[in-house]
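Written below as structure tokens is the structure these notes are about.
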């Protein structure tokens, strides 16, 4: 079971930006700090902006910053916004070909497990991930 | 976020076999009933056998049956046995290259969410998925 790499990058991007409330960050510096793809980070920045978690200022001297207080950014909401789907088993999909679709209890039990997973993330915010010592450990650009 | 198709097949295979306690089932009939790959089912049958959930009798007249009472087959144990990994974010992996590895709180929060997911499945057994009406709905071979 895996989350997509985009969700992983989204969470780390928000952590990086959240550690630097006083200034605008650039995608290039986040990519450099984590050693990850700038192209993927651009895509995830766009998604986070559209979902209302990030503000993007274009042009010279521009960059990205959080659109809200870290304590108001639910980790569950971020994962829901970035993860393309939660089709844990085939019967979750609209085009399911399972002969039992709609009649069996599997979807209900798996759906309950997914609910417990997301509820745990929804009980935490970006503020829970931010610690002063982390900022020092992320290599400055 | 997805489970692998093997875990999906494993759960459905156990449901099919669990609905027919009085006889041996064949992989061919399960594949036919669900319209899924016999090759994949063979692989998953082998894994379920090795993990102690299924008994396999070889030879003419052979087949598969549950190795235990459905009420004693935890869905969490099945998912843990079949799913190849739970590397939800990069820092879960042993070869993680994240510059924050070991120092940040992300792994702890995501790990807690995974724990809640598995705990929900562990609170349910195969018996919870078995209903008389399901058996009738699966096309007989």
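The values are calculated or read from the model by the stated rules, or taken from the named source; none is laboratory data. If you're wondering where the values come from, they're calculated on a predicted model, not measured in any experiment. Here the Cβ positions follow ideal geometry from the backbone for every residue, glycine too, while neighbour counts run over all protein chains shown.
Listed by first and then second residue, the pairs with beta-carbon distance under 7 Å, at least 6 apart or on different chains, first residue in the range A:116-141 and more than 7 Å from every other protein chain (Cβ to nearest Cβ) and surrounded by 14 or more Cβ atoms within 10 Å (Cβ to Cβ), second outside any helix (DSSP H, G or I) and modelled with pLDDT of 95 or more, are A:122/A:74; A:125/A:73; A:125/A:74; A:126/A:73.
Can you find a residue in the range B:58-71 that is closer than 24 Å to residue A:108 by Cβ, within 13 Å of chain A (Cβ to nearest Cβ), outside any strand (DSSP E or B) and in contact (Cβ under 8 Å) with a residue 60 or more places away in the chain? Yes: the range B:58-71 contains one or more residues that are closer than 24 Å to residue A:108 by Cβ, within 13 Å of chain A (Cβ to nearest Cβ), outside any strand (DSSP E or B) and in contact (Cβ under 8 Å) with a residue 60 or more places away in the chain.
Taken over the range A:41-53, residues that are crowded, with 17+ Cβ neighbours inside 10 Å and over 30 Å from residue B:118 (Cα atoms) amount to 2. Inside the range A:91-113, can you point out the residues that are within 7 Å of another protein chain (Cβ to nearest Cβ), buried (at least 21 other Cβ atoms within 10 Å of the Cβ) and either at pLDDT 85 or above or not in a loop (DSSP other than H, G, I, E, B) (or both)? Within the range A:91-113, A:106, A:113 meet the criteria. Evaluated against (1) within 14 Å of another protein chain (Cβ to nearest Cβ); (2) buried (at least 18 other Cβ atoms within 10 Å of the Cβ); (3) part of a helix (DSSP H, G or I); (4) without any contact (Cβ under 8 Å) to a residue 40 or more places away in the chain, residue A:7 falls short on exactly one condition, (4).
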